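K.L.:
Here it is: the structure, laid out below.
The values are calculated or read from the model by the stated rules, or taken from the named source; none is laboratory data. From a predicted model like this one, the values you see are computed outputs, not experimental measurements. Note: ideal-geometry Cβ built from the backbone for every residue, glycine included; neighbour counts use all protein chains shown.
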Amino acid sequence: MEHPISQDNTEIFSAKLTAHRSLSANAFLLFMTIITLFSFVTGLYFYSLGAWPVFGFFGLDVLAIYYAFRINYREGETYETVHLTNDRLTITRYKANGQENSWCYNPYWVRLKLEERRGKAPLLTITSHGKSQVFGDFLIPDEKADFVRALSDALKTCQPNP
C-alpha cells in the first residue's frame, strides 16, 4: 500500500505493541523437563503394573503440551506498531508468517474506543469515517487502557496543517 509522503513527518508518538509471554526460553525448558520426567516416571510405574499402553499416552501428552506451547510462542511473534505524525496515524500489524497489514488514518478524524465486554477482554478499536479496525487484541486489559490514554494524549497534540 503506497501513501503520499507526509508534509509534516515529525513523529509525535510511536509504540510497538507485543504480546506478553509468561515463560522465558529457560523457564520453558525447565517446565518441559519437569513434565517429561514426571510423565516418564509415572509411565514407567503404569508399565510395571502391566498397563503398557499408558506409557505411550504419557509420551503423547508431553508432545501435545510441547506443540501447544510452540504454537502459542509462534503466535506471540505477532506485533503491531503505531506511528503518529501531525497528519497521519499508521498502524501496522506484523504476523509471525511474515504477513504485514497497514492502516493509515487522518489523526483529526480518528476515535479510540475501549469497549468493555461482559466475560471477555475489552476490545480496542479505532474508528474513522464510519469504519472501525480492531488492534492490540493480544494486550491485557490494563495495557490496553494505558495505551488508549497515551495515544489519546498524543492525538490531542496534533495540529491541523494550514
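K.L.:
Output the number of the condition that Val148 fails; it satisfies all remaining conditions of (1) more than 13 Å from the chain's Cα centre (by Cα); (2) among the hydrophobic types (A, V, I, L, M, F, W, C); (3) modelled with pLDDT under 90.
P.N.:
(3)
K.L.:
Same structure again: Pick from Thr85, Thr90, Thr78: which is surrounded by 15 or more Cβ atoms within 10 Å (Cβ to Cβ) and within 26 Å of Ser24 (Cα to Cα)?
P.N.:
Among Thr85, Thr90, Thr78, only Thr78 is surrounded by 15 or more Cβ atoms within 10 Å (Cβ to Cβ) and within 26 Å of Ser24 (Cα to Cα).
K.L.:
Run Ala19 past the list (1) farther than 15 Å from Phe138 by Cα; (2) in contact (Cβ under 8 Å) with a residue 60 or more places away in the chain and report the number of the one that doesn't hold.
P.N.:
For Ala19, the exception is condition (1).
K.L.:
Continuing with this model, one more query. May I ask you to list the residues in the stretch 93-103 that are loosely packed, with under 15 Cβ neighbours inside 10 Å and at negative phi?
P.N.:
Answer for the stretch 93-103, where residues must be loosely packed, with under 15 Cβ neighbours inside 10 Å and at negative phi: Lys95, Ala96, Asn97, Gln99, Glu100, Asn101, Ser102.
K.L.:
Within the stretch 82-97, identify whether any single residue is of a type in the set (Asp, Glu) and more than 18 Å from Asp153 (Cα to Cα), and answer yes or no.
P.N.:
No, the stretch 82-97 has no match at all.
K.L.:
Just need a number here: residues in the stretch 70-94 that are in contact with a helix residue (DSSP H, G or I) (Cβ under 9 Å, 6 or more places away or on another chain) and at pLDDT 85 or above.
P.N.:
Here the count works out to 3.
K.L.:
Let me ask something else. Just checking, how many residues over the stretch 127-162 are aliphatic (A, V, I, L, M), closer than 18 Å to Glu11 by Cβ and in contact with a Leu (Cβ under 8 Å, 6 or more places away or on another chain)?
P.N.:
Total meeting the criteria: 3.
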